[in-house]
1. Any chance segment 296-314 includes a residue that's closer than 29 Å to R396 by Cα and among the aliphatic types (A, V, I, L, M)?
2. Which number in (1) within 16 Å of the ligand (Cβ to nearest atom); (2) within 30 Å of I74 (Cβ to Cβ) marks the one condition that V201 misses?
3. Do the conditions hold for F177, that is, is it assigned to a helix (DSSP H, G or I) and in contact with a Lys or Arg (Cβ under 8 Å, 6 or more places away or on another chain)?
4. Read through the list (1) open to solvent by 30 Å² or more (accessible area, probe 1.4 Å); (2) touching a strand residue (DSSP E or B) at 6+ places or on another chain (Cβ under 9 Å); (3) more than 17 Å from T316 (Cα to Cα), then give the number of the only condition that P205 fails.
5. Which one of the conditions (1) more than 16 Å from the ligand (Cβ to nearest atom); (2) in contact with a Ser or Thr (Cβ under 8 Å, 6 or more places away or on another chain) does E239 fail to meet, given that it meets all the rest?
6. Could you check G315 against (1) open to solvent by 20 Å² or more (accessible area, probe 1.4 Å); (2) of a type in the set (G, A, S); (3) in contact with a Pro (Cβ under 6 Å, 6 or more places away or on another chain) and say which number it fails?
7. If the requirement is being touching a Lys or Arg at 6+ places or on another chain (Cβ under 7 Å) and in contact (Cβ under 8 Å) with a residue 60 or more places away in the chain, which of these qualifies: D289, D330?
8. Got at least one residue in segment 325-340 being within 21 Å of the chain's Cα centre (by Cα), open to solvent by 50 Å² or more (accessible area, probe 1.4 Å), over 28 Å from T204 (Cα atoms) and at pLDDT 95 or above?
Amino acid sequence: MPSPAPVTGPVVGVIGGGQLARMMGPAATELGIELRVLAEAPDSCAVPAAASHEVGDYKDLATLLSFADGVDVITFDHEHVPNEHLEALLTAGVAVEPRPTALVHAQDKIVMRRAVEKLGLPNPRWAAVKSVEDLVAFAEGRWPVVLKTPRGGYDGKGVLVVPSESEARNGTAAAWFAESGFEHLLAEEAVPFTRELSALVARTPTGEVRSWPVVESIQVDGVCDEVLAPAPGLDPEVEQAAESAARTLATELGVTGVVAVELFDVPGRGFLVNELAMRPHNSGHWSMDGAVTGQFEQHLRAVLDLPLGDTGLLGTATVMKNVLGGENTDLFSGFTRVMSSVPEAKVHLYGKGVRPGRKVGHVNVTAPAGAPAPETNTGQSGQDSADQRMSALRDRAREAAALLRDGA
Ligand code: ADP
């Protein structure tokens, strides 16, 4: 018997070995794609989920060039690879998606603000400021204002609410100007938003774009805690405009792969753009179980320039709840209870050591299409019953996440 033909599927290289790379693993396996991860350490959480991996420093060009050898395309788990290295990879003939010219808008919030303005999309009032004097001038006497480092922030680090002029002159803001090392910081009005939204789309290098429904993302202490998909009670005009803004940003900035456009919902002003993430995003984890094509599969399809998958909902709504570390360090000790008490919860653990407040997993709970809202009373409006359904889903997702966090 002739031996079978060798496996010839594409190889996707992911720089960074965190949970986003990890969750690309099952999607790659299903498609027969080889996922190769450049991990920070041998125990990075993506390592067990990747077909192959190397351990190395993503800030070292020689390491990146050697990792790229034999890979069809390079993509990312995070946005911190120096852009000059990505340019060098491109020059060496390596496919890098998203490309550095797009990625810079997710790396630098001042560059992003300029681009949003140029595209005529809704920004908060903002300015690039060099000094406390600039900040005070920007405030025009209306405090608080928000001060941000243009680069390197995550989960609310690098964001400072400055409550008053005296705080600006004497508090942390003054220290940031003196010590942050950035030529400019970003000043923004404190936006009076009622909630945060996220518009997630994927785009291929040849220009196909698909969007998921706009979701609500609930932040606690600057960290995403819960996502409601689709965003409850969102004005259809705002939903359409937000989706269209995300498509415009993806297309005009030349983004490839998944991009999350974080938005503020501001009654009377529609929405304002907060920031961009050019990779699968926490606000898109719901899609793993709540949409025909989840964001991790879509990202792989997009960076390989394959046709994108259907982004339709599998149920009527999905709630994603993050599992943040608590006192219990053994997440598996909660398995029996969570699996018996909330069998509809889809549990995703990241294989990361528990530390209080650390994102160590998430759960998704989806309301099946056609299921009645719980305890529907006659005379309720459609919105009431949708709210009730969402509230019941949230309870279930919270219960599952708490059982995992607290263990047996
Ligand atoms: P990070 O890069 O750390 O995610 P963000 O720019 O998204 O930083 O800000 C973190 C959080 O701070 C946001 O989710 C929002 O709750 C709050 N925030 C950021 N910018 C503003 C603003 N201009 N006005 C009011 N709140 C803001």
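The values are calculated or read from the model by the stated rules, or taken from the named source; none is laboratory data. Small disclaimer: the values here were computed from a predicted structure and weren't measured. Using ideal geometry, Cβ is built from the backbone for each residue, glycine included, and neighbour counts are taken over all protein chains shown. Heads up: the accessible areas ignore ligands, DNA and RNA and are worked out on the full protein's heavy atoms, side chains in. Shrake-Rupley method; radii C 1.70, N 1.55, O 1.52, S 1.80 Å.
1. Of all residues in segment 296-314, those closer than 29 Å to R396 by Cα come to 296-299, 309-314.
Then drop every residue that is not among the aliphatic types (A, V, I, L, M), which leaves 313-314.
Taking every residue of segment 296-314 in turn, at least one turns out to be closer than 29 Å to R396 by Cα and among the aliphatic types (A, V, I, L, M).
2. Condition (1) is where V201 drops out.
3. Criteria met by F177.
4. (2)
5. (2)
6. (1)
7. D289
8. There is no residue in segment 325-340 that is within 21 Å of the chain's Cα centre (by Cα), open to solvent by 50 Å² or more (accessible area, probe 1.4 Å), over 28 Å from T204 (Cα atoms) and at pLDDT 95 or above.
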